[in-house]
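Undergrad: For reference, the structure I am asking about is given below.
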Amino acid sequence: MSAPRTAPAAPPVARIGDIDVLRGAALLGILLVNAPFMAGPAAALGGGAGAGLADRGAAWATTALVTGKFSLLFSFLSGYGFTVQRRSAERAGVAFAPRHLRRTAALFLLGLVHAVLLFPGDILMTYAALGLILFALRDVRPRRLLRIAAVLLASLAALFLAYGLLALVLEGTQGPGAVAADPGAAYREGPGSVVRTNIELLPGFLGANVLYSAELLAAFLAGLAAGGLRVLAGPGPRPVLLRRVVALGLPLGLGGGAFVAVCTHGPLDGGWFFVGQAVGIMTAPALTAAYACGLLLLVRTPAGRGIGAALAPAGRMSLTHYLAQSLVLALVFTGYGLGLYGRVGAAAVLGGCLFLYAAQLALSALLSRRRRSGPAEFLLRAATRGGFPRGLSRAHPA
């Protein structure tokens, strides 16, 4: 029997701690956005006019403070990570193009399995497709990348604004519920029904991802530009710059987020939904930047170092945790387990998310003592390199 295929081990590349910390924090935002969709309309939309104050408040706060912000942060970090992976390939003396193509193919397949089995709102397939665009633009100068990103955001916002104003003129009331049909009891039946329902809902979610892909690509390009300038390398950005971003981005982003929540959950009716989305597209990057810079400022203080130490291990296992979140939510809300789809309000879902995230941070701290990354990261790295690195067994990807 022949020995397992191996790939040359690259010279060690020091991890950038700020990236791990930011990824670890972004996991909570992704969880808070995905969980209501997996829990059902009662959680995703706050339960409507008949819902309790706690449920309406939880849905409103999630939309204002979280929705659309942390997907941008993850996209930014993915664009930055592209530059790190490219330098790693150069240090190893291997061609970057085959590595990147293998990585995007593996990411797409992983996302497809995730979408079919667990959550049709998967983002990994979209990330894989955007990764190909990123490769095509890899040698564009940072300033031009930022200009392209600004044009993408402005164009998408203009599209939503025009559609929203047209809907208001025509007295349209189409709102967020139109993203995908409610599967109802189908999600509470057995595993076969869950898989069939996921497949039925997948085109609708993919369409929404395509629609918002310009926003994600803008964040990818911003990350690519920042990676080209090595913004997060070494000591990272200067504190005065971080404070300035927080001071400018926080009020703009919070104001925009509040307007989006008003258009989504009321008191404005559904006809304002797309107008709110246009405002959100233009203001969400400001709040995302403020969150990121504020966190970097916090973890550089003596009181915040413990927070950074708790977030970094989870950030190193972010892909594993993203998939694990969907698995736990599927066990709670679908026929894989408890079948609570449509029966839990937004406030309870929010509380459950905080508990799950705390458990993930604790588990990451334990696992990080023996492994630098999770199983999903190890498999993706093996696919990227075309084999398992020498000196590492399949059982011990430390």
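Undergrad: Which log10 I(q)/I(0) values does segment 267-398 give at q = 0.17 Å⁻¹ under the Debye formula, counting every alpha carbon as one identical point scatterer?
TA: Cα-only, vacuum Debye calculation for segment 267-398: -1.15.
Undergrad: A further question on this structure: Of R147, R102, R316, which is the most mobile in a GNM of the chain whose springs link Cα atoms less than 10 angstrom apart?
TA: Taking springs between Cα atoms under 10 Å, the residue moving most is R147.
Undergrad: More than 23 Å apart: what percent of Cα pairs in segment 80-172 qualify?
TA: Of all Cα-Cα distances in segment 80-172, 48 percent exceed 23 Å.
Undergrad: Over all alpha-carbon pairs of segment 24-140, lay out the pair-distance distribution in 10 Å bins, whole %, shortest bin first.
TA: Binned Cα distances yield the sequence 12, 33, 29, 16, 7, 2, 0.
Undergrad: Give me V116, V328 ranked fewest to most by other Cβ atoms within 10 Å of their Cβ, as a rough exposure proxy.
TA: Lowest to highest Cβ neighbour count: V116, V328.
Undergrad: Would you list Y291, Y127 from fewest to most Cβ contacts within 10 Å?
TA: Y127, Y291
Undergrad: Quick check for me: using +1 on Lys/Arg Cβ and -1 on Asp/Glu Cβ, what's the dipole size of the chain about its Cα centre, in debye to the nearest 20?
TA: Around 2160 debye, computed over the chain.
Undergrad: Using the Karplus curve 6.51 cos²θ - 1.76 cosθ + 1.60 with θ = phi - 60°, work out ³J(HN,Hα) for each residue of segment 228-240 in order, rounded to whole Hz, and write x for Gly and Pro.
TA: Calculated HN-Hα couplings, in order: x, 8, 6, 4, 9, 7, x, x, x, x, 5, x, 5 Hz.
Undergrad: Sticking with this one: For helix 70-92, what angle does its Cα long axis make with the longest principal axis of the chain, in degrees from 0 to 90 and rounded to 10?
TA: 10 degrees
Undergrad: Assuming 0.890 mPa s and 25 °C, estimate D for segment 248-309 with Stokes-Einstein, Rh taken as the Kirkwood radius over Cα pairs, in µm²/s.
TA: Answer, rounded: 193 µm²/s.
Undergrad: Please find, in a Gaussian network model of the chain (springs between Cα atoms separated by less than 10 Å), the residue of A39, A258, A219 whose mean-square fluctuation is greatest.
TA: Taking springs between Cα atoms under 10 Å, the residue moving most is A258.
Undergrad: List, in order, the whole-Hz ³J(HN,Hα) value for each residue of segment 121-133 obtained from phi through the Karplus relation with A = 6.51, B = -1.76, C = 1.60 and θ = phi - 60°; use x for Gly and Pro.
TA: x, 3, 10, 5, 5, 5, 4, 5, 5, 5, x, 5, 5
Undergrad: In what sequence, highest mean first, do 259-271, 25-37 appear when ranked by Cβ atoms within 10 angstrom?
TA: Most protected by this proxy first, the peptides run 25-37, 259-271.
Undergrad: Which order do T384, T288 fall in if you start with the one that has the fewest other Cβ atoms within 10 Å?
TA: The most exposed by this proxy come first: T384, T288.
Undergrad: Amide H neighbours of L340 under 5 Å, at least 5 residues apart or on other chains, H built in the peptide plane: list them.
TA: F333, T334
Undergrad: With a 10 Å cut-off between alpha carbons and a GNM built on the chain, which of G339, G192, G308 moves the most?
TA: Looking only at G339, G192, G308, the largest GNM fluctuation is found for G192.
Undergrad: Where q = 0.10, 0.14 Å⁻¹, what log10 of I(q)/I(0) comes from the Debye formula for the chain, counting one point per Cα?
TA: Debye intensities relative to I(0), on a log10 scale: -0.67, -1.38.
Undergrad: Per residue of segment 99-114, what does 6.51 cos²θ - 1.76 cosθ + 1.60 with θ = phi - 60° give for ³J(HN,Hα)? Whole Hz please, x for Gly and Pro, Karplus curve as stated.
TA: Those phi angles translate into 4, 5, 5, 5, 5, 5, 5, 5, 5, 5, 5, 4, x, 5, 4, 4 Hz.
Just so you know, all these numbers are worked out from the coordinates, no wet-lab data involved. Computed from a predicted structure; not experimentally measured. Please note: Cβ atoms are built from the backbone with ideal geometry, for glycine as well, and neighbour counts cover all protein chains shown.
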